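One structure is given below, encoded as structure tokens.
Just so it is clear, none of the values below were taken in a lab; they were calculated from the coordinates. In this text the structure is predicted, and so the values were computed from the model without any measurement. Every residue, glycine as well, gets a Cβ built from its backbone with ideal geometry; the counts of neighbours run over all protein chains shown.
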Protein chains: 2
Amino acid sequence: MDTSIQIFDTTLRDGTQGEKVAFSAEDKLRIAQQLDAFGIDYIEGGWPGSNPRDMEFFELASEATFNHAKIVAFGSTCRAGSAPEDDRNLNLLVEADTPAVAIFGKSWLLHVEKALQISAEENLGIIRDSIRFLKEHGKEVIYDAEHFFDGYKANPEYTLATIEAAASAGADTIALCDTNGGTLPHEVAEIVMDVQEKIDTPIGIHAHNDCELGVANAIVAVQNGCVHVQGTVNGYGERCGNTNLCSLIPNLQLKQDFRCIPDENMEQLTALSRFVSEVANLNPDIRQPYVGRSAFAHKGGIHVSAVMKNEETYEHIRPHAVGNQRRVLVSDLSGKSNINYKAEQLGLELDQYGEHAKEIVQKLKQLENKGYQFEAAEGSFELLVKKMTGDWEEFFTLEGFRIIVEKNVSGSCRTEASLRLKVNDQLEHCAAEGNGPVHALDKALRKALHKFYPEINDMHLNDYKVRVLNEKDGTGADVRVLIDSAEHGKSWGTVGVSHNIIDASWQALTDSFSYYLARQQKEVHQKEAI
Amino acid sequence: MDTSIQIFDTTLRDGTQGEKVAFSAEDKLRIAQQLDAFGIDYIEGGWPGSNPRDMEFFELASEATFNHAKIVAFGSTCRAGSAPEDDRNLNLLVEADTPAVAIFGKSWLLHVEKALQISAEENLGIIRDSIRFLKEHGKEVIYDAEHFFDGYKANPEYTLATIEAAASAGADTIALCDTNGGTLPHEVAEIVMDVQEKIDTPIGIHAHNDCELGVANAIVAVQNGCVHVQGTVNGYGERCGNTNLCSLIPNLQLKQDFRCIPDENMEQLTALSRFVSEVANLNPDIRQPYVGRSAFAHKGGIHVSAVMKNEETYEHIRPHAVGNQRRVLVSDLSGKSNINYKAEQLGLELDQYGEHAKEIVQKLKQLENKGYQFEAAEGSFELLVKKMTGDWEEFFTLEGFRIIVEKNVSGSCRTEASLRLKVNDQLEHCAAEGNGPVHALDKALRKALHKFYPEINDMHLNDYKVRVLNEKDGTGADVRVLIDSAEHGKSWGTVGVSHNIIDASWQALTDSFSYYLARQQKEVHQKEAI
């Protein structure tokens, strides 16, 4: 039995139908190149007939090199009453200049009669003619049988007749679509099994996640004979999304005998997922299976102490197999084992008797009550531990700052920060302009510190996140600011909480600089000691 | 065949082991009361032996009234070598004063020998003795067989022996736990079927979502004989979370012949989901099946025009069945049908010839490129349409504002806004202090407008969200501010984008006031016309 499964990615087409998902043509090209490198077989790039951006993508793609993947243009069967050669949409598909095309047609008799308002037989003709036309133009044709499962449940004979028409016209693959995402796995199993018996053409599955079963339905389809799976990175897609390839691929390949991508690429899965969410400018879902930041994060005290002994106890696969990593979270649910693990990981020394760990757990609880979170702010956590264990000297102290934001009648906005800072007993008084208040403050702080610590030029802020706590209080609410900073590929997070967004930003900003300076100092000491 | 399924909610216990999920004892009580009203059978409140907050919850719960649900205290079997009556943990379970308790014990021989370091037989004794002790104290006992599926795959005989021990000691329900979340649906089906044949005690399933199969595994378990399902609201829980009850319950009850909650409560599902995410202070997942904001949101032009004709075309259930609603999104993927639908919904008049709709689609595309999003900012969308169709007069114009934020050496922070605004040709010059810059601006704006439009006292800001776009630019990035405002239960969203967070906030803030004033004016006109 051949266990290799074709993976058909539609992140760039169905994915962009998800709310808040949008890509430029260049974004699409960057993603397509990553998908190709990862070993995806088919990359559906968009619908050339529907918008100019997608046309632009196919132009860019036709000039780019893909080592493995086939680029696919998407469209529909031709309009009722027009011959394929006169159909604008089909002609644009041909012109998109891709080796493969995917076209969808109607499977559900109700829709044929109500929506298209044509006869059952006419619809079969449209399917046949459209596919034949594309085959005559040398295309590999994937036929998407829209609403296949709903159609089958209503009228199996007619629905089967539509894909028999597609098969007889030479479709290379027939993808059974659960367009509304409402079908359950046992139904998918039965229907796929029936289709398998009746059609010789290779069949595929296109599932949606409206019942939280997008991955399960694809698995059961494969187990019952589908050899082609359509899905998206991170499960992006219309409504609740599509089959999530980031879960499907490891489920098929690490846990069953199916083969989707080259084994050696599996460790790139987490990077692929995060790359796509970054280009989409969406926050990654921390709970996402396999690739999420929390997927191997242990919070409960018992889990932590067990995982420290034997990872198999609470991990279903090795995190590294998909390029992810284990994390131990510190929170008020933490036992002392979390604090000890974390301290060891960070190279911090705690007393042997557990007194420090106990005090730190209490302090964390207090701060988390106020809205602080240290799970993504390891820099601030480390400073907290150092301050509590007496292992800390301030690099600078604030004497005061003032920020002025002015908007005038012309609409332009000007921001200035002035800052008085004590560094090594010297008072530094600096001012800077910025795009916004935090940017101005960041620049002023750098000016004040630069003379004493020129190494701050090597660090930069990577990411700045604002989260309104008690949101119901509107603009008077508390805010939490998380800052991610980096220097030569090493990154760290810091946190601040306040009524005032500027003050919260100041806390996170100064923690970031302090953490960095302390680390630099330590490295210098270590070098001197050698 | 009895098709009723016991629903066991562990949002308050396993849910809080998820990253970023934390509840106070009072939060837990509020959630428990909502779960009870919704018709959940069992509510696991926490682990009285593990932290003082959970103890406090059980005290609060014992004084509260629950009409339907049984409150459950969670803990483990007694420690090796100690008699149940001397075991602190078991005694705290008894003292928690709940009708039911859930205790977990070891099923996997490897763990018994490696982690507990006791003999196979000794572990069986611990399970039996712990359950007997709790039964003697009159408790209903749910036995959680930890790592059941992994244990079964390694050594079915011993794993079955552990639950036979639990059954013989009088456990009322035995929950088979896929603790690491790594089991696939076909494995769950086979193993549950085998257990079913061998054990008379009612069995349940406790699944995790590490393979994105938490819901699928629970469904297949129920289809093969489990009568009790453990899960959490929104799927919160350790690592990737637990079986999501918000998907499981409608999957079982709306699509199959199982019964979980009273039919008439199903319409409260969306409200329950959002309530819990609000108390957890987490943003709801917009793509969440059934209850997410996007679950019935249509973006692609074709979908929109089809849904407008016949909702069955792209919706697997009626959104109202779970208390959710259909949405049509406006974006640069929108066809003119989205704009027309939206305009109709908002009561806006467009020209018959589609010229307005075309211009609006183009403008949207331009603004979305800059980072605006109108999907959650219907207020700003409406203003945009009115301005573009010439149906708009400004209520006020900005002459300028200045914001000063000062932090002094004592650490306290002071914010003041001064504002010059032209309202009805009069120049208003106002100043106000606030918690932060946007709060101060909001207050100053109200002062300036109040004399002309006293009705602004009735509206308030509900929610304030900041999203850093191009995040990689750190504190110099563009930001998008979304504001939700409300007046007597009606709410609307507005948006602003700028380099400067204050300027973006100003845009969203003034859109909110303008939208509100325009709506008030229209209502007055309508009343006068009668």
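Note down the nm distance, to one decimal, between modelled labels 7 Å out along Cα→Cβ at A:Lys114 and at B:Glu157. Each label point is offset 7 Å from its Cα along the Cβ direction, giving 5.9 nm.
Relative contact order of region A:297-384: 28 percent, from C-alpha pairs under 8 Å at least 6 residues apart in sequence.
Each copy carries B:Thr397; placing its label point 7 Å along the C-beta direction from Cα gives inter-copy distances of 5.1 nm, listed from smallest up. Helix A:185-198 axis versus longest C-alpha principal axis of chain A: approximately 40°, rounded to the nearest ten. Placing unit charges on each Cβ (+1 for Lys and Arg, -1 for Asp and Glu) gives chain A a dipole about its Cα centre, and among A:Ser485, A:Ala69, A:Ala218 the Cα reaching farthest toward its positive end belongs to A:Ser485.
For region A:402-452, a Kirkwood hydrodynamic radius built from all Cα pairs, placed in the Stokes-Einstein relation at 10 °C and 1.306 mPa s, yields a translational diffusion coefficient of 140 µm²/s.
The loop-placed chymotrypsin sites (Phe, Trp or Tyr not before Pro) in region B:351-425, going by DSSP, that have at most 10 neighbouring Cβ atoms within 10 Å of their Cβ come out as B:Tyr353. Comparing B:Ala169, A:Gly379, B:Ile7 along the charge dipole axis of the protein assembly as shown, the residue lying farthest to the positive side is A:Gly379, per the Cβ-charge model. Bridges between two residues of the protein assembly as shown, per DSSP, are antiparallel at a rate of about 55%. Only the Cβ atoms of Lys and Arg (+1) and of Asp and Glu (-1) were treated as charged; on that basis the dipole of region A:402-452 about its Cα centre amounts to roughly 40 debye. Relative to the longest principal axis of the Cα atoms of chain A, the long axis of helix A:214-223 makes an angle of roughly 50 degrees. A compact globular protein would have a Cα radius of gyration near 2.2 N^0.38 Å; the ratio found for region B:391-530 is 1.14. The DSSP beta bridges internal to region B:1-117 are antiparallel in roughly 0% of cases.
With neighbour counts taken as other beta-carbon atoms within 10 Å, the residues A:Met266, B:Met193 rank, fewest first, as B:Met193, A:Met266. In nanometers and ordered shortest first, the copy-to-copy spacing of the B:Arg326 label point, defined 7 Å from Cα toward Cβ, is 5.1. Of the residues B:Pro156, B:Pro52, B:Phe133, the one whose Cα sits farthest toward the positive end of the charge dipole of chain B, with +1 on the Cβ of Lys and Arg and -1 on the Cβ of Asp and Glu, is B:Pro52. For B:Lys198, the lysines whose Cα comes closer than 23 Å to its Cα, not counting residues fewer than 8 places off in the same chain, are B:Lys106, B:Lys135, B:Lys153. Ranked for footprinting exposure by Cβ neighbours inside 10 Å, fewest first, A:Arg259, B:Arg128 give A:Arg259, B:Arg128.
The lysine pair count for region B:397-452, using Cα distances under 20 Å and pairs eight or more places apart or on different chains, is 4. Annotation: average projected area of the protein assembly as shown is 45.4 square nanometres, based on the convex hull of Cα atoms across all directions.
Size of region A:297-384 from its Cα atoms: along the principal axes, largest to smallest, the extents are 35, 29, 22 Å. Arranged from fewest to most other beta-carbon atoms within 10 Å of their beta carbon, A:Val479, B:Val227 become B:Val227, A:Val479. For chain A, the dipole from Cβ point charges (+1 on Lys and Arg, -1 on Asp and Glu) about the Cα centre works out to 1820 debye, to the nearest 20. For region B:223-293, what does the alpha-carbon gyration tensor say about shape, rounded, prolate or oblate, given a ≥ b ≥ c as the root eigenvalues, a/c under 1.5 as rounded, and a/b over b/c as prolate? The shape class here is oblate. Judged by the gyration tensor of its Cα atoms, with axes a ≥ b ≥ c, chain B is prolate; a/c meets the 1.5 cut and a/b is the larger of a/b and b/c. Computed about its Cα centre, the charge dipole of the protein assembly as shown is approximately 2700 debye, with only Lys, Arg, Asp and Glu carrying charge at their Cβ. For region B:48-197, the convex hull drawn through the C-alpha positions has a volume of 123 cubic angstrom per residue. Across region A:1-109, the mean sequence separation of Cα contacts (distance under 8 Å, 6 or more residues apart), normalised by length, yields a relative contact order of 24 percent. Sorted largest first, the spans of the alpha carbon positions of region B:184-274 along the three principal axes are 40, 31, 20 Å.
Counted over region B:6-261 with a bin width of 5 Å, the fraction of Cα pairs per bin, in whole percents, is 1, 7, 15, 19, 20, 18, 13, 6, 2, 0. Seen against the Cα atoms of chain A and their longest principal axis, helix A:25-38 is set at about 90 degrees. Give me the percent of DSSP beta bridges within chain A that run antiparallel, rounded to the nearest 5. The antiparallel proportion sits near 50 percent. With semi-axes defined as the square roots of five times the eigenvalues of the C-alpha gyration tensor, the equivalent ellipsoid of region A:1-110 measures 23, 18, 15 Å, largest first.
Ranked from shortest, the separations from the 7 Å Cα-to-Cβ label point of A:Val423 to its equivalents in the other copies are 4.6 nm.
In percent, rounded to a whole number, the relative contact order of chain A is 9, using alpha-carbon pairs under 8 Å and six or more apart.
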